[in-house]
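The values are calculated or read from the model by the stated rules, or taken from the named source; none is laboratory data. Predicted, not measured: the structure shown is a model, and the values here were computed from it. For neighbour counting, all protein chains shown are included, and Cβ atoms are generated from backbone atoms with ideal geometry for every residue, glycine included. Accessible surface areas use protein heavy atoms only, side chains included; no ligands, DNA or RNA. Shrake-Rupley method; radii C 1.70, N 1.55, O 1.52, S 1.80 Å.
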Amino acid sequence: MKQKSILLVGLGRFGLNIARKLNELGHEVMAIDSNEERVNEVMDYVTNAQIGNSTSEAFLKSLGVKDYDVCIVTIGGDFQSSLETTCLLKELGAKKVVARAEQDVQAKFLLRNGADEESIPKSSSVNGRRSGTAPTTSSITSISRVPARSSRSRFPANGWGRPSRRSTSAESTASTSSRSGKRARSIPS
């Protein structure tokens, strides 16, 4: 299996499990999340990571979305953000978008608004609520069927290694992390 370049959006339990599995398979993974602690937790399993808002078109553009073989949206608990992110990724030229859905109705919305595939986490029901954390075999194997990019470069030409812009109500900051750094750091813009 050829190594693929993957953008992983959302680093909750499901996203972290996906990152671990993709690491085991030897793929290059750029992970993003708005939570610095989650970014720090995933650093051992990814090639690079950034702290940022995935619903920001400017932030996603800075990552060079069209240079990834697959974009995986694993945002849980905030379906609006998941839907916006999925739509933006497709609008920005993502080749393939796989998005997490917690319910069948969410899967339908995601598929109608940019997702090429949806993944409903394998879960058990607790008090009528889904509580899945494990990636499904189909969500990982579908990534293996996507052809790898033909470029010989290790990273997408646009985005990795550059600070990203993330605006907050208080200030605008940029944050990046890599395997070589132990913690994500914020860099004033």
TODO: Keeping to the stretch 49-80, report how many residues are closer than 20 Å to Asn17 by Cα, polar (S, T, N, Q) and open to solvent by 10 Å² or more (accessible area, probe 1.4 Å).
DONE: 1
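Whether any residue in the stretch 78-98 is among the hydroxyl-bearing types (Ser, Thr, Tyr) and in contact (Cβ under 8 Å) with a residue 60 or more places away in the chain is what I want to check.
Quick first cut of the stretch 78-98, residues among the hydroxyl-bearing types (Ser, Thr, Tyr) only: 81-82, 85-86.
With the extra rule that they be in contact (Cβ under 8 Å) with a residue 60 or more places away in the chain, the set shrinks to 82, 85.
Yes.
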Task: Lone unmet requirement of (1) under 14 Å from Leu11 (Cα atoms); (2) open to solvent by less than 70 Å² (accessible area, probe 1.4 Å) for Glu37 - done: (2)
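Residues are listed down the side, and each one gets a yes or a no for (1) touching a Phe, Trp or Tyr at 6+ places or on another chain (Cβ under 8 Å); (2) more than 20 Å from Val29 (Cβ to Cβ); (3) at pLDDT 90 or above; (4) not polar (S, T, N, Q):
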| position | (1), (2), (3), (4) |
| --- | --- |
| Ile75 | no, no, yes, yes |
| Glu84 | no, yes, yes, yes |
| Leu89 | no, no, yes, yes |
| Leu92 | no, no, yes, yes |
| Lys95 | yes, no, yes, yes |
| Val98 | no, no, yes, yes |
| Arg112 | no, yes, yes, yes |
| Asp116 | no, no, yes, yes |
| Ser119 | no, no, no, no |
Open item on the list: Step by step: first the residues of the stretch 23-62, then only those that are under 13 Å from Thr85 (Cα atoms) and assigned to a loop (DSSP other than H, G, I, E, B), then the one that is nearest to the chain's Cα centre (by Cα). Which residue is that?
Closed with: Ser54
TODO: Look through the stretch 81-92, keep the residues that are assigned to a helix (DSSP H, G or I) and among the aliphatic types (A, V, I, L, M), and return whichever of them is surrounded by the most Cβ atoms within 10 Å (Cβ to Cβ).
DONE: Leu89
Task: Scan of the stretch 6-18 for residues that are surrounded by 24 or more Cβ atoms within 10 Å (Cβ to Cβ) and either part of a strand (DSSP E or B) or touching a helix residue (DSSP H, G or I) at 6+ places or on another chain (Cβ under 7 Å) (or both), ordered by number - done: Ile6, Leu7, Leu8, Val9, Leu11
TODO: For Val65, indicate whether it is closer than 18 Å to Ala31 by Cα and hydrophobic (A, V, I, L, M, F, W, C).
DONE: yes
Task: Selection within the stretch 93-119 - touching an Asp or Glu at 6+ places or on another chain (Cβ under 7 Å), assigned to a loop (DSSP other than H, G, I, E, B) and open to solvent by 30 Å² or more (accessible area, probe 1.4 Å) - done: Lys95, Lys96
